[in-house]
1. Per residue, how large is the accessible surface of chain B? Use a 1.4 angstrom probe and give square angstrom.
2. Before I look further, what does chain A give for accessible area per residue, probe 1.4 Å, in whole square angstrom?
3. In µm²/s, what is D for chain B at 25 °C and 0.890 mPa s, where D = kT/(6 pi eta Rh) by Stokes-Einstein and Rh is the Kirkwood radius from Cα pairs?
4. How large is log10 of I(q)/I(0) for segment B:163-284 at q = 0.20 Å⁻¹ when the intensity is taken from the Debye formula with one equal scatterer per alpha-carbon?
5. Can you give the average number of partner chain beta-carbon atoms within 10 Å of each beta-carbon in peptide A:141-148, as a whole number?
6. Ignoring ligands, DNA and RNA, what percent of the accessible area of the protein assembly as shown is carbon or sulfur (1.4 Å)?
7. Using helices alone, what [θ] at 222 nm do you get for the protein assembly as shown, with -39,500 (n - 2.57) per DSSP H run of 4 or more residues, divided over all residues and rounded to the nearest 500?
8. Once you put a point 7 Å from the Cα of A:Leu156 and another 7 Å from the Cα of B:Phe263, both along the Cβ direction, what distance in nm separates them?
Amino acid sequence: MANKVPKTVILRKQQKTFAQRLNSQGVAGYVFTALFIVGFLAFMIIPMAMSFGFAFTKYNILSPPQFNGLDNFKQMFTNDPVFWQSFKATMYYVVFSVPMRLIMALLIALLLVKKSKASGLYRALFYLPSIVGSSVAIAILWKRMFASDGVVNSLLQAVGIDCNIAWLGRTDTAIWTLIILAVWQFGSSMLIFLSGLKQIPVALYEVADVEGAGPFTRFFKITLPMLTPTVFFNLINQLINGFMAFTQSYIITQGKPRNSTLFYTVYMYQNSFTYNKMGYGCAMAWFMILIVGTLTLILFKTQNKWVYYES
Amino acid sequence: MKHGYQETRRIHTIIYHVFTVIFALVMLYPLIWMVLGSFKNSNEILRNAAKLFPDPWITTNYSTGWAGFAGYGFGTFFKNSFIIAGVSTIGAVISSAIVGYGFARCHFPLKGFWFGCMLLAMMLPFQMIMIPQYILFNKMGWVGSFLPIILPQWFGQGFFIFLNVQFIKGIPADLDDAATIDGCSIYGIFPRIILPLIKPSLVTSAIFSFMWRWDDFLAPLIYLNDPSTYPVSYALKMFSDPTAGSDWGAMFAMATLSLIPIFIIFLAFQRYLVEGIASTGIKG
């Protein structure tokens, strides 16, 4: 012990060379993460701050922004029925598509967790739609499929259902074509559920077998509780995805009919880039950040009530 | 008794496979219908939608579609897509590996804070910052070029950084220590020791990055305004607009072509995709 004291003193007295400093973890850490920090400030923080400022201005990008206080928000909440229509359409879409996609993902994951020679192939087949589903190609396909002379009506007629619905033309069905497209892409959630299912200790099921538990008891008492962290993770991811949906509404339905499928992000895009109301668009973005942020926070705060973490 | 049990088991297995295959076919029906539709007459797509196989098989949709619109063929659009997705991916993979190493192996002041920022960047969707980003890039005079789409990719992407951090943390630190004793600096350890070992996470990042950039529609929609610069995603949308006529056969042909790179990646790297999603929960 006594020997060591002078040593550190000597070390401290020595002037560190530039190379030594550079090679210390404190400096190297910043050298390696510098790209991220610069990018984060330049492409996230500065734009966010700008956006916050613009939210309180009238700004058409050609002339300088004019401060107009809370006018954008007043307009949004009290004087813009389309804003509420787009909010309602997005909410409807999220409320139905997210749980349905997760339930579908879980059901198929339960089906595929059973080991067989073909499980790799099945997994790939069910995953495929989610890999291509958000592309423009599929959006165009969907538009054709649900046209009144499209394949959906034709197939329904072929099996004897006299169906001649203009799916995309009715306020009660148009949004469902988008929800079906979202549910169709359950693949990536399914993969996450599959890896969650594989992590459940087999011993738990063995105990259940000994006690004579049926398949439903096994599912609700073992599988589902053990899977809640995965459900939680998927739920947050899919909620954010759902609120941000854009391409589907923009290409398949263009918000029609009567704004019943006008997604929030599409209306925000139209305001900012079609009508050049950048200030209004920023105000809309901040309202959405507030909504999604609050929902995420509520989920995080309530997770100890329903999410089971093995200690 | 035992024979009966085996028999029921076999029947169960058969039912299981029949059900799964039927369901998979129903799921994939739209895709199959589109691919086969690209070999049909446009009339046939409209009149006989329920029919799956083309009669007769034609390939002219591909040549008429390839001719594109506004004087630019799909050759140009594919080239643009490959440039945008390719250069973005190179940047995203390299920068995310470097940043990931910093977070995984170095202890530096405020590291927790910056890591939190990284998670925030990962969660914050592009839609929420697209307006101010556009204003920023517009001020710089970059709107109309690929720069606003590609450049942000070169500063590390949250998901890929996270993926690399997870992966590097799994590599024993003894390797680093041994290299240090041999006189290797922190900057030498990264390319010599770590980089060769994190190939799987680099491949996973590259695959996802390429697929996302290839499919991306919103950023090109905002930033590009000349048909000569359109990537396939945006060109397809313009191609499908009623003003360009409703040649559904040609549209299906180009839509099918636009998915081919994705299909190839899917077939070649399925294992990386599946593991990438399962281990980090990346959205596919």
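The values are calculated or read from the model by the stated rules, or taken from the named source; none is laboratory data. No experiment lies behind these values; they were computed from the predicted model shown. Cβ placement follows ideal geometry from the backbone for every residue including glycine, while neighbour counts extend to all protein chains displayed. With ligands, DNA and RNA removed, areas are computed over all heavy atoms of the protein, side chains included. Shrake-Rupley method; radii C 1.70, N 1.55, O 1.52, S 1.80 Å.
1. 44
2. Each residue of chain A exposes 50 Å² on average to a 1.4 Å probe.
3. D = 110 µm²/s.
4. Each listed q corresponds, in turn, to -1.08.
5. Details: counts 12, 2, 3, 13, 5, 0, 3, 0.
Per-residue shielding by partner chains comes out at 5.
6. Values: 18720 of 28180 Å².
Carbon and sulfur together cover 66 percent of it.
7. Working: 30 runs with 403 residues, N = 595.
That comes out to -21500 deg cm²/dmol.
8. Result for the modelled spin labels: 2.9 nm.
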